[in-house]
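In what follows, a structure is listed as structure tokens, so that the remarks can point back to it.
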Amino acid sequence: MPASTSSASKKRMRWGILGAGNIAHRFMESIAHHLDCRVLKVSARNEAKAIAFTKQYNIPMYTLIQEELFNDPAIDALYVALPHKFHKETIIKALKAGKAVLCEKPLSLNEADVQEIIQVQNETGLLCMEAMKTRFTPAYKAMKKEASSLGSLHLIETIWDRNEQISPSSYFWDVEQGGILLDCGIYGVGLIQDMMKEDVEQIQTDQIIENGVDIYTRSVLTYPSCQASVECAIDRTEPTFARLTFEHGVITIPNFHRMENYIVEKEGKVFERKIPYEVDDFYGEIDHFVKLWQEKSTMSLVMPLQDSLDCAFLIDQIKRAAS
């Protein structure tokens, strides 16, 4: 049973869901385990999908008009599971309508967009967080604690390559918002940003572009005390992992985007740490967000908007280095 349980002293969060695609399904499967949450309404552009979604998850209502969620006084928070290019506009409207917002990664398309979101969040004083789910798993928290005992960090490597055919109708192929860097590479960028608190000095990027979007990106980021690399692709198959090399040891994380274990090498010995999810890889971020709202906090210390801004800055610089 998840640790979070509803009680008279806790206010139950009432949700609206924006979008009914694959990621929204995964969110609903997870939030069903949280006793302090209730989903009241979903909006979608396709009525058949909206009806099927509400029936599958026993949601009371659906709408094809997004503004109905913004204007519904019964809704406390919105989960944004829309294509990337709609994130900024949707978040800003939601905040101005008085709703807390949990938005899927990336928070928006670029640094300038995230700055606009931060400005509105500052004006409204409402909770807003990017759903960088990797940071909220028990294994990730344990890894960061163990990493602090291994001395200075010298090298970060992240790879998420997969070989797959993506539907021509997918927003992946939209030049404005598509490509593998924003879709998958952001998890590697997010890990690098979380571990490195220095300003990047140099970035070198190689890309393969197809139909105007990147299907392969590899970028090397040089910091004063560390070198980091992020690789992501849909045209090749390599094991997905992150490796952090420290002064006194190495941490390797298989499937770092869905982290349940990691391997530590130190003092000539190898240790595997297995720390399973509380429910799944979405539950930690949901529980964190709900607790922040219940405590009337306006910002996460695990994934603050400044970190979202820094990630957007790095992605912008990675793209520029390839042009």
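The values are calculated or read from the model by the stated rules, or taken from the named source; none is laboratory data. Fair warning: this is a prediction, and the values are worked out from it, not measured in the lab. Here Cβ is always computed from backbone atoms with ideal geometry, including for glycine, and neighbour counts include all displayed protein chains. The area values use the complete protein model at the heavy-atom level, side chains included, leaving out ligands, DNA and RNA. Shrake-Rupley method; radii C 1.70, N 1.55, O 1.52, S 1.80 Å.
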Q. So which residues in the range 131-143 are out of contact with any strand residue (DSSP E or B) (no Cβ under 8 Å at 6 or more places or on another chain), more than 27 Å from H84 (Cβ to Cβ) and in contact (Cβ under 8 Å) with a residue 24 or more places away in the chain, if there are any at all?
A. P138
**Q.** Count - residues of the range 267-289 that are within 16 Å of M28 (Cβ to Cβ) and of a type in the set (V, I, T)
**A.** 2
(Q) Within the range 186-198, does at least one residue satisfy the condition of being buried (at least 17 other Cβ atoms within 10 Å of the Cβ), of a type in the set (D, E, K, R), in a helix (DSSP H, G or I) and in contact (Cβ under 8 Å) with a residue 40 or more places away in the chain? (A) yes
Q. What is the residue count in the range 23-38 for residues that are open to solvent by 20 Å² or more (accessible area, probe 1.4 Å) and either modelled with pLDDT under 95 or assigned to a strand (DSSP E or B) (or both)?
A. 1
(Q) Is it the case, given these coordinates, that A312 is open to solvent by less than 60 Å² (accessible area, probe 1.4 Å) and either farther than 19 Å from I118 by Cβ or in contact with a strand residue (DSSP E or B) (Cβ under 7 Å, 6 or more places away or on another chain) (or both)? (A) no
Q. Checking L69 against (1) in a loop (DSSP other than H, G, I, E, B); (2) modelled with pLDDT of 95 or more, which single condition isn't satisfied?
A. (1)
(Q) Checking the condition in a strand (DSSP E or B), open to solvent by less than 30 Å² (accessible area, probe 1.4 Å), among the hydrophobic types (A, V, I, L, M, F, W, C) and out of contact with any Cys (no Cβ under 6 Å at 6 or more places or on another chain), which residue from I215, I286, I209 passes? (A) I215
Q: Looking only at the range 244-260, decide whether some residue is open to solvent by 20 Å² or more (accessible area, probe 1.4 Å), part of a loop (DSSP other than H, G, I, E, B), under 26 Å from H33 (Cα atoms) and out of contact with any Lys or Arg (no Cβ under 9 Å at 6 or more places or on another chain).
A: yes
Q. What number of residues within the range 58-91 satisfy the criterion of being free of Cβ contacts under 8 Å to residues at least 60 places away in the same chain, in contact with a strand residue (DSSP E or B) (Cβ under 7 Å, 6 or more places away or on another chain) and of a type in the set (F, W, Y)?
A. 1
